[in-house]
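Worksheet: one structure, shown below.
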Amino acid sequence: MPDRRKKKLILPRLQFRITLAFMATAVVVLATMGSLVTWLLSSDRIHVPPGAEPLLDQVHTILAVAFGMTMLLLVPLTIFVGLRVTHIVAGPVHRFDVFLNQVLRGERPPDCRLRHGDELQEICALINEATRPLREHVVEAEEPAEGASKAA
């Protein structure tokens, strides 16, 4: 598949910032859930059957271990998913940057194309439409100059 990009960190700063936002959201949700469970299991909120007091005393330890183990799974998974998801946005943004810089340098790049499955396809088409007159104008401006030099 020549269409696949192997480099996953196209715009590392952007991708890490978005991934960090994913991770922060997941940690806040996990901490909120842990706090709510702890609050709900506090002895004055529930009826504790006789003999279950020792288990209730261990609730905080059990929840801390569960929180820690979940974090061990959550952090790498969030990083993997975050980088994977941001790749389909960062790739097109990088492609737009390269394409527009080519146009600014006076080059005549072919239409900007994105990989199948990338986001921002509509913006790519809009960029092509917006730059087409400029790219065609450059071609028209060069043709008469070539013809004039041949006539001389």
(message) Kindly evaluate D111 against the criterion of being within 21 Å of the chain's Cα centre (by Cα) and surrounded by 12 or more Cβ atoms within 10 Å (Cβ to Cβ).
(response) no
(request) Tell me, please, whether a residue that is of a type in the set (F, W, Y), closer than 30 Å to T25 by Cβ, at pLDDT 90 or above and in a helix (DSSP H, G or I) can be found in the range 62-73. (result) no
(request) Tell me which residues, restricted to the range 98-113, are basic (K, R) and farther than 18 Å from I10 by Cα. (result) R105, R108
(request) Working only within the range 114-133, note down all residues that are touching a residue at least 60 places away in the same chain (Cβ under 8 Å) and surrounded by 12 or more Cβ atoms within 10 Å (Cβ to Cβ). (result) R115
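The values are calculated or read from the model by the stated rules, or taken from the named source; none is laboratory data. Bear in mind that the values here come from a model prediction, so they are computed numbers and not experimental data. Glycine also receives a Cβ, built like all others from the backbone with ideal geometry; neighbour counts cover every protein chain displayed.
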